[in-house]
1. Among the residues that make up the range B:319-329, is at least one of them outside the structural domain of residue B:213 (by TED's automatic domain parsing), under 19 Å from residue B:145 (Cα atoms) and modelled with pLDDT under 95?
2. List the number of the failed condition for residue A:66; all other conditions in (1) more than 23 Å from the chain's Cα centre (by Cα); (2) at the interface with chain B (Cβ under 7 Å from one of its Cβ atoms) hold.
3. Tell me the helices (runs of 4 or more DSSP H) entirely within the range B:281-371 that contain at least 3 residues that are within 25 Å of residue A:84 (Cβ to Cβ) and open to solvent by less than 10 Å² (accessible area, probe 1.4 Å).
4. Just for the range B:21-31: of the residues that are in contact with a helix residue (DSSP H, G or I) (Cβ under 6 Å, 6 or more places away or on another chain) and surrounded by fewer than 20 Cβ atoms within 10 Å (Cβ to Cβ), which one is farthest from the other protein chains (Cβ to nearest Cβ)?
5. When you scan the range B:240-266, how many residues do you find that are outside any helix (DSSP H, G or I) and within 14 Å of the chain's Cα centre (by Cα)?
6. Go through (1) touching an Asp or Glu at 6+ places or on another chain (Cβ under 6 Å); (2) surrounded by 24 or more Cβ atoms within 10 Å (Cβ to Cβ) one by one and return the number of the condition residue A:62 breaks.
7. Taking the options A:80, A:90, A:60, name whichever one is of a type in the set (Phe, Trp, Tyr), within 7 Å of chain B (Cβ to nearest Cβ) and within 15 Å of the chain's Cα centre (by Cα).
8. Out of B:75, B:22, which single residue is touching a residue at least 60 places away in the same chain (Cβ under 8 Å) and closer than 20 Å to residue A:32 by Cβ?
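The values are calculated or read from the model by the stated rules, or taken from the named source; none is laboratory data. Model, not experiment: these values are computed from the prediction. Note that each Cβ is placed from the backbone with ideal geometry, even for glycine, and that neighbours are counted across all protein chains shown. Only protein heavy atoms, including side chains, enter the accessible area calculation; ligands, DNA and RNA are left aside. Shrake-Rupley method; radii C 1.70, N 1.55, O 1.52, S 1.80 Å.
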Amino acid sequence: MSAITAIQLFVFLLAGFVGFQTISRIPPLLHTPLMAATNAISGISLVASLVLAGGHHGTFATVLGTIAVACATTNIVGGFLITDRMLAMFRKTENTKNTAGSK
Amino acid sequence: MITNTFIPLAYLLSTFLFIIALRSLSKPETARRGMQLAAFGMVVAVVATLFNAKIVSYEEILIGVVIGSILGYPLGMWVPMTAMPQRIAFSHAFGALAATLVGVGEYYIGLKAGTLASGQVTALGLEVLLGSLTVTGSFMAFSKLQGILPGRPLIFPFQNTLNLLFLAAAVACLIWIVMVPTAAPVFATMIGISLLIGILFVIRIGGADMPVVISLLNSYAGLAAVATGFAINNNILIIVGALDGASGMILSIAMSKAMNRSFTNVIFGGFGAVSAASDASSVAASGEMSVISVEDAALRLAYAARVIIVPGYGLAVSQAQHQARELADLIEKRGGDVKFAIHPVAGRMPGHMNVLLAEANVPYDKLIDMEDINEHFSETDVVVVIGANDVVNPAALTNPASPIYGMPVLKVSDAKSIIVLKRGQGKGFSGVENDLFVNPKTSMLYGDARQSLIDLNIQIKNV
């Protein structure tokens, strides 16, 4: 195993911990927007698709790359739009009437 | 030379913004701004990548980006909130497809150049294995949720054995190409088997279990991205994939808990097929159901001080979110206090019901999670159960013979009185009888949820 792979494993381990810590704090209220959000962010695989599509490694690789670019872009554009649309719907009670009971 | 440090630094900034965005999702007030930062981070990462020296032409990229934007816009702006589960399943398929195609492309390049080494092929193999089973699995989930395929689990003999054999075969192919990286036919066979596995695993999962499946596929899509990162030595893919994988994992655990099922049970169980145990529970649910008229129900609600509305999937099916919100408004106008009790599996995906009610202008501080609201039922005058069944079934707490025994439920029967809006006398999704309906405190109001609510609202206005 190369040194680079070892560093990648460290990065993966730490990112996994950050993920578990961060996402555990997200209330069920926002679990659907969370899913849409991770979907949008995971469109980051576009960066790999871009390098494949624009790399000129023969028609086969270019076609695969271009389709991958289209798929990833779809997720980025659609994902961020729908997440924003959803989050815009979440509003607090407007009047300051005291609501007893739970938080 | 400049790009060698500039691109990783841009990725570092993007990664930072993504993590900040996920943190901001812990509160509705900060969530929207956080996601806008993440979108900015995405632009930074993509623009930086365009400076990569390996990119020699931009025409193909432009074509892909234009097609993606044209497809993405309607998927973002036009899809209704009720269709959110299939919308998410669909984009899991797209994300996984992108990862799979990149994996195949990179393998092909390495094969041609003769540079394939075991390490890289391990990553590429995992990437296409996870990616391709997520593609077909997500399309299956999408088809079931969209109603293109029947939602029932499709079960045939030796199904589990067959699935496990296919899984073993795919893993064997993976080990083979790690040993012999240039064995392209084996690589192709592995993709074929993985595509088949995705179909076979999801085909046997019923509609009610879809929240777990969608979350699980989310996790796989993330892990496929991690493998891509390892294969092309890109840290931002590893980090984002890990975040995505963690998110999917946490959500599927939360959903499994809410349904009182283990992972293995969801994947190998086929809940719709359970029938033996429900005989025992149907005996338990004996007694008379008392029916209430709309007028009486309206009177009771109009003079109640504390009301909790329990929305179930039946509410979403009959598109009655707006009428439910109107009911809450009318009661509040008369001085009553109204809250909505949200069970984790009230919708068809994690948090779905919250979004549907938020869309109907219910303020989010009135949407209370199960754990927080359960202790408040005892001080509640009237609980209105709308199109929910299993999630309010007290048998889950009291009857060990019931198939849903142990599932966390809303303790509706602690309230002083209960009104259940229900289409007819049928059973819930799991086919289990509900003791709540024969409880002396419970009154049944039969009819379509939406129509019943419209009638109720008219009557309350006249009180």
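1. So far as the range B:319-329 goes, yes, one or more of its residues are outside the structural domain of residue B:213 (by TED's automatic domain parsing), under 19 Å from residue B:145 (Cα atoms) and modelled with pLDDT under 95.
2. (1) is the only condition that residue A:66 fails.
3. B:352-359
4. Ranking the candidates gives B:30 first.
5. Result for the range B:240-266: 1.
6. (2)
7. Only one candidate passes the filter, namely A:80.
8. Only one candidate passes the filter, namely B:22.
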